Structures are given as structure tokens and as C-alpha cells.
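Below you'll find the structure, written out as C-alpha cells, and then a few comments.
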Amino acid sequence: MANIQRTAMLSDCSRYRYRLGRRWGDGQPLAFVMLNPSTADGTEDDPTIRKCIGFATRLGYNAIEVVNLFAFRATDPCDLRAAGYPVGPDNNGHIESACRWAPMVICAWGANAKGLQRPVDVLRMLAAWGCEPMALRVAAGGIPAHPLMLPYSCSPVPF
């Protein structure tokens, strides 16, 4: 896929990435809600984004929108605890704009969100917007699995 349009919405201070988009054709995007953004931006993909593109393509989509429970950019989820306000001041609005009208929303925040209140809050928002959240796999403890290590044979299931 050589002709991928790449977009990213970052805060003015660049500490928060609110939204990341990839488009390689026409149609509505597949939305992913993950834990927190890492290194992918408006020009570079990381392995997780490449995997999301692979799942979206196999599901018949030509675009993805990625938002996160926490908008604070960190390669190690443990860094979220030291971030002060890792959600980000504009994050809920970006989650809404990415998910509210998406034909499918894949929750994929993984085990590092276990026991946190934020997933509960975001699931309530999704329900209020009429979204029916899905997961590529529901892991132990009812956690939606992160896509990176999942096989492409996974199919979305209600979450």
C-alpha cells in the first residue's frame, strides 16, 4: 500500500496524540480504541498501526481512525502513571468524533488497562453515542486484546 494518506491530531505541546488516521481508499474508517499512543504520527507508522491496517483491510475497510483511552504519548504504558493527566484535555471529543459515526469500533486497549476506571468511562460514552463496541479477542478478565500479537484469523466479537 504505497498510497496511504497519513494524519495525526496532536496537542500544541505534542505531549498528547488525540487521533491518528490512515486512508488507502474510499469509505468510512474502522475505529480502534487503544490504551495510549506511542511513536506513530502523521508521517510514520509503528508495528501496532501496521497491524491495525492489516486487520482493517481484511475486514473490507480502506481507512482506520485510532484513538486512545489516554492521549499521553509514551512507548511504555507505565509512564502513564507519572504523566499527571494522561487522558488529555481534548481526548473525549476526539474519541467521540472518531467513534460516533464509525460503522465498527474495535476496543483494543489490552491488559495494561486492567483495573482502571478509564475503560469503564469510555465504554459508557460509546454506549451513550449508540456504538456497539467490538473486540478482536476478549482476553482473560474480560479485557479487549491489543492487536499487535493477534493472528489475522481473529474476527471481531461483541465486547
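A few comments on the model shown:
- Net charge dipole size for the chain [Lys, Arg +1 and Asp, Glu -1 on Cβ; Debye, nearest 20]: 240
- When each of Glu96, Glu44 is scored by the number of other beta-carbon atoms lying within 10 Å, the sequence from fewest to most is Glu44, Glu96.
- Classification of the chain by its C-alpha gyration tensor yields a rounded form. The axis ratio a/c (a ≥ b ≥ c) stays under 1.5.
- Efficiency of FRET from Cβ geometry, Asn3 and Asp121, R₀ 41 Å, rounded to 0.05: 0.65
- Shown is the FRET efficiency for Val157 and Tyr85, computed with R0 = 22 Å from the Cβ-Cβ distance and rounded to the nearest 0.05: 0.10.
- Secondary structure note: in segment 1-136, about 55% of the DSSP beta bridges are antiparallel.
- Those residues of segment 61-102 whose amide nitrogen sits under 16 Å from the label point placed on Ser14, 7 Å along Cα→Cβ: 72-75
Each value in this text was obtained by applying a stated rule to the coordinates, not by laboratory testing. Bear in mind that the values here come from a model prediction, so they are computed numbers and not experimental data. All Cβ positions, glycine included, derive from the backbone under ideal geometry; neighbour counts span all protein chains shown.
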